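Worksheet for the structure shown next.
Coordinate-derived values only; no laboratory data. Bear in mind that the values here come from a model prediction, so they are computed numbers and not experimental data. Backbone-built Cβ (ideal geometry, glycine too); neighbour counts: all protein chains shown.
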Amino acid sequence: MIAAMQEVGPPIFSSLMVTVVGFIPIFSLVGQEGRLFRPMAATQMFTIFLAAILSITLVPALVMIFLRKTKPRSLEDHFATRFLSRMHKKILGWTFVHRKLTVILLLSALGLTVPVFLRLGSEFMPPLYEGSILYMPTTLPGISVTETQKILQVQDKILKSFPEVERVFGKAGRVESSTDPAPFSMMETTVILKSSNEWRKVPMFGKFLPFIKRSITFEELTAEMDKKMQFPGVSNAWTMPIKARIDMLTTGVRTPIGIKIFGSDLKEIEKLGEHIEMVLKEVKGTRSIYAERTSGGYFVDFDLKREQLARYGLSIEEVEMVIMAAIGGENITTTIEGRERYPVNLRYPRELRDDIEKLKRVLVPTMTGAQVPLEQLADIKLSLGPAMIRNENGMLSGYVYVDVAGRDIGGYVSDAKKAVRQNVKLPAGYSITWSGQYEYMERVKKRLAVFIPMSLIIIFLLYYFTFKSVGTTLLILLAMPFTAMGAIWSVFFLRFNMSIAIWAGMMEVVGIGAALCALISTFMNEAYERRKEEGGITSIEDLYAVVSEGASRALRPVMMTCSADIMGLMPAMWATGIGAEFLKRYAAPIIFGLFSAVILGLVILPTFYVIWKGDFGILKNKKAKNDPFDSAQGHPEQRKESKDD
């Protein structure tokens, strides 16, 4: 028993440490993805690290205390393990004899998986529904307050007509805060939804089986709302309140994708934005697009006549003070009400300053006491100019907001970049950058491209120092691509996009798959070395029997481990409510990756072990008694069963 624990303990400890190393890429994440995943990774890492310590300290002591006098039970003692063991040996017998065909089938499956993986969509985060919608329509600058109020009332009425909507409230402009730079042309309407249990029921399979119904999805509801909220001169954008605030604070872009145009002239920036807007309207997946109009603001210009000012003995400062006091107002005192203080502002009433002709009649006092109309001292005119000037990285900038529906973010940006590159020519000194969720995705890709290879190198070294064999280490590392194969197909069939949650699940299941293969390799190595000490391996049939014996010993622990993991994650696959989509994308790669890990570890790994030890090992130059590729002879245990019959 002590010898068995000494043999199995180091591989188990190394496998647990490998799982810990698999979390290194997650700890490299920064920003909101790091804040979301690092606590989860830290919790699992400390749990696994503690399990690794207990596996070489407490567990051996408990085994010696409670299992010293216990007689080990064979796999044949229970009907389930007996059935699985016999099926396992028969499958191994076939794969051993047809190992070339097995390798071809395995490589073919891997070859089919590669194009599927390359065709998967990509996104930064899975959708995290907040129970409400933030509708952010944008119109052209210069819209009046009255017209904006009418549009808001009509929009609120339409949104409230949906049976899934509980209440609606909207606003235009911004509050008196420097953290809300929204222009008056950008409206925000918060739509509070009812519980998803109260949403409409629609046929699940269309007209074929209309009596089988399901609740309408969030995407379908948003699409219906967008279809009804089409107004001339208004560009729609649909998001969620918390998500929109985070995006606007981090990148300044309120839509999933934004394009920032940098240059030295606002008019040229606006022209380029309008051109990009027209080009991207034709790209598949564009639900709405809006390029900022930087020159849509109206301003009143006062061009002072210096000769007239000199004639009346006035200075520029004196005239400007009159203009500011009359139009903008001037604080003349402060009123005190208890502990509160309010400024008292003096200026012309609105009816005396609401058009240019009235402003021309503003009187300016001179040193002699005369009152001179302002029109004699200045040319007053209405002019167009930038409603808002953006400055980023020391350059003028303009934004193009893109709302995407029905496509993944990564695929859309790839097509959009191609369209812009072919149809938009940037002048010298001008540049564009892609922002929004795509900016986060690029940041994550760069970090994972560095830390994933680093983790693989550390994993290789851990297993090499454990088994002291490059061949065994390479066999274990085979688990990684083939375990990921099951995870990739799960993402494909469930129609998920690759996101941070899916990458986290894949990194975890790859570590588990490598740990299972390390355990199986330990049993096969132990059986192989024991047979060599007893009398050696003289034929390919001896090697078949040894490898089959070692792999069968690992059958029960592998099945128990994977079954426990799968059952523990199944509730996440059936979860509903806020956060359910996130859990599904994390759990699905692990569950389906474990299925491929079981097949790889219990069937494919022993076959590769036979190829390594047989075709390229001690039997390479030794002709076996029977043809190793003779399928009629088959596995030695199969021949034994047929002889008994």
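Quick notes on this structure:
- Residues of segment 577-611 with amide N under 16 Å of the 7 Å Cα→Cβ point at Ile246: 578-586
- Residue-wise HN-Hα couplings along segment 542-558, as the Karplus relation 6.51 cos²θ - 1.76 cosθ + 1.60 with θ = phi - 60° gives them from phi, are 4, 5, 4, 5, 5, 5, 5, 5, x, 5, 5, 5, 8, 4, 5, x, 5 Hz; Gly and Pro carry x.
- Whole-number D in µm² s⁻¹ for segment 168-314, Kirkwood Cα-pair radius fed into Stokes-Einstein, 10 °C, 1.306 mPa s: 80 µm²/s
- Label-point separation in nm, Thr47 to Lys213, each point 7 Å along Cα→Cβ: 4.0 nm
- Residues in segment 466-493 that a label on Trp612 would reach, taking backbone N under 16 Å of a point 7 Å out along Cα→Cβ: 466-483
- Other-chain or far-sequence residues with amide H under 5 Å of Leu396's (modelled H): Gly263
- For the cross-link pairs Lys157/Lys227; Lys243/Lys271; Lys171/Lys284; Lys243/Lys281; Lys284/Lys417; Lys281/Lys418, the ones whose C-alpha atoms lie over 20 Å apart are Lys243/Lys271; Lys171/Lys284; Lys243/Lys281.
- Evaluating 6.51 cos²θ - 1.76 cosθ + 1.60 at θ = phi - 60° for every residue in segment 256-261, the Karplus couplings come out as x, 10, x, 10, 9, 9 Hz, glycine and proline recorded as x.
- The aspartates and glutamates within cross-link reach of Lys468, meaning a Cα-to-Cα straight distance under 16 Å and a gap of 8 or more places when in the same chain, are Glu7, Glu526, Glu529.
- Gain upon complete extension [Asp265, Leu461; 0.36 nm per residue less C-alpha separation]: 64.9 nm
- C-alpha long axis of helix 2-21 to longest principal axis of the chain, angle in °: 20 degrees
- Fully extending the segment from Leu426 to Ser161, taken as 0.36 nm per residue of separation minus the present Cα-Cα distance, adds 90.9 nm.
- Nonlocal amide H pairs with Lys213, under 5 Å, H built at 1.01 Å: Met204
- Spacing of the modelled spin labels on Arg556 and Ile65, each 7 Å from Cα toward Cβ, amounts to 2.3 nm.
- Among Leu54, Leu583, sorting on how many other beta-carbon atoms sit within 10 Å of each Cβ, with the fewest leading, yields Leu54, Leu583.
- Given their separation in residues at 0.36 nm each and the Cα-Cα distance between them, Asn345 and Lys446 gain 30.8 nm when the chain is fully extended.
- Each label point was placed 7 Å from the Cα along the Cα-to-Cβ direction; for Val279 and Glu130 their separation is 3.2 nm.
- Principal axis dimensions, largest first and in whole angstrom, of segment 131-239 by Cα: 52, 27, 19
- In range of the label at Gln32: residues from segment 419-447 whose backbone nitrogen is under 13 Å from the point 7 Å along Cα→Cβ: 436-441
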